[in-house]
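Presented below is the structure to which this report refers.
What follows is calculated from the coordinates using simple rules that are stated; it is not laboratory data. These figures come from a predicted structure and were not determined experimentally. Don't worry about glycine lacking a Cβ; one is built from the backbone with ideal geometry, like all the others, and counts go over all protein chains shown.
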Amino acid sequence: MTDTPKVAVVILNWNGIKYLRDFLPFVLASTWPNLDIVVGDNGSTDGSLEFLRGAYPGICIIENKENFGFTGGYNRVLAQVEADYYILLNSDVEVQPGWIEPVIALMETDARIAAAAPKIMSYAQKDHFEHAGAAGGFIDKFGYPFCRGRIFYEIEEDKGQYDQPGEIFWASGAAMFIKKKNWDEAGGFDESFFAHMEEIDLCWRLKNMGYKVMYCPQSVIYHVGGGTLNAENPFKTYLNFRNNLLLLKNNLPFWRALWTISIRFWMDLLALVRFLMEGKRKDAWAISRAHQNFVRRLFQSKVKSDVIKKYHKQISNEKYHHVTGVYSRSLVWDFFMNKKTKFTDLEKKDLA
C-alpha cells in the first residue's frame, strides 16, 4: 500500500527490561501495514539491549550512550527515525492489534492536526482511566494540567462518558501520535524539562503555531504508569513543580506569564505547607528546590530555541484565550472548595 503513511512506534527505554518482556509482544502484533518498531535505549544497565538482541534480533535499536531523560532521549532517537508519523510509546503500555488505525485515520482528515492521543486506561484496573492522559489533556488558567477522566487524584470509571473524538489541549507522552513534519517544525521536546510535562509544552507550542491536538477514543491502550518515577518520589515532585513554571514561561505572552507565575508561587507555597503538615518534608523541600532552580533559569543567558522565539512573538492574550482546551477558572479552587471532582462537573461555558 504505497499510499499508506509510514508509521514508526518509538519506545524509549531506560532499565525497563521487565516492561519490554511483558509488553513488546503486544506492539509487535500491531496490524498497521507500513510500520517500523524502534527501541531507543537511554544508557540502560539492566541487560535490556542484550535481551532485545537475543529475543528480537530484527528489531531496530538506537542507542544513547547515557540517560538524557525523556526529552533528550527522544530528541536524539527521533532525529534518526524516518517516518510520516511518530508514535511515542512508553514501555509499560499494553496495546491492541488495531490500535494505530483509528488515530491515523483521524489525523489524516485535517492537515492542521499535528498530534493526537488514544484513550488511556489503567492496566491494573482496566475499567478505569489512567492518570497520565486518560481521555485527553486540558489545562486551567493557572497552568494546572488535568484530564477528562482524571482531575488531580480523582480517577473516574469509564462508562462511555468520553467516547466522542474531539480537540484537546495536550496528548500524553505515554502514547503520543505526532506527524514528523510537525515534530520537526516545533523543534521536538524542550530538553530543560528532562521529564514530566514536556509533552504539554510541545502541544502548547503546536497550538500557538495554529495546529490542533486531538483525542481518539476508538483507540484504547492500557498503561501501568509510574514505571520510572512513582508518585511518591520527591524528584518527581520537583520536576512537576519546576516544569509547570517552565511551561508557563515558555508559552504565555510575557506579561501574562509574569502575572500567572507570581500567583503560582503563592499557590505552590500553600502546597509546600500542606506537605509539611502531612509530614512529607522531602516533597516540601522538592517544591523549594523547584522554585530556586526556576528562578536561576530566569537569569541564565541561555537563549530559547529559534522555534520558541519565533512563535512567542506571534501569540497574544486574545489568542491564548481562544486556544481550545483551556479551563478559564481555577481548577484548584473548584476541586477543593467547590467539590468539582469530575470533568463533567465543570461548566461547559468555562471550557474553551
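Please list 155-163, 53-61 highest first by mean number of surrounding beta-carbon atoms within 10 Å per residue. Spell out each step's value before the answer.
Details: 155-163: 14.2, 53-61: 12.0.
Packing order, densest peptide first, comes out as 155-163, 53-61.
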Taking the chain as the reference, fit the longest principal axis to its C-alpha atoms, fit the long axis of helix 281-298 to the helix C-alpha atoms, and give the angle between the two in degrees, 0 to 90, nearest 10. 90
Compute the distance from the alpha-carbon center of the stretch 33-67 to that of the stretch 162-207, in whole Å. 23
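Quick one: which of LYS181/LYS340; LYS18/LYS207; LYS181/LYS280; LYS141/LYS236; LYS212/LYS236 span more than 32 angstrom between C-alpha atoms?
On the way: LYS181/LYS340 39 Å; LYS18/LYS207 36 Å; LYS181/LYS280 44 Å; LYS141/LYS236 23 Å; LYS212/LYS236 29 Å.
Violating the 32 Å limit, Cα to Cα: LYS181/LYS340; LYS18/LYS207; LYS181/LYS280.
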Helix 69-78 sits off the longest principal axis of the Cα atoms of the chain, rounded to the nearest 10 on a 0 to 90 degree scale, by 40
Kirkwood hydrodynamic radius, computed over distinct alpha-carbon pairs, for the stretch 1-98: how many Å, to one decimal? 13.6
Dividing the Cα convex hull volume of the stretch 187-289 by residue count, how many Å³ per residue is that? 137
Calculated SAXS-style log₁₀ I(q)/I(0) at q = 0.09 Å⁻¹ - the stretch 7-223, Debye, Cα scatterers: -0.32
So what's the net charge close to LEU52: Lys and Arg +1, Asp and Glu -1, counting the other residues with Cβ under 14 Å from its Cβ? -2
Pull up the cross-link candidates among the aspartates and glutamates for LYS126, meaning alpha carbon to alpha carbon under 13 Å and not fewer than 8 places away within one chain. GLU94, GLU156, GLU157, ASP158
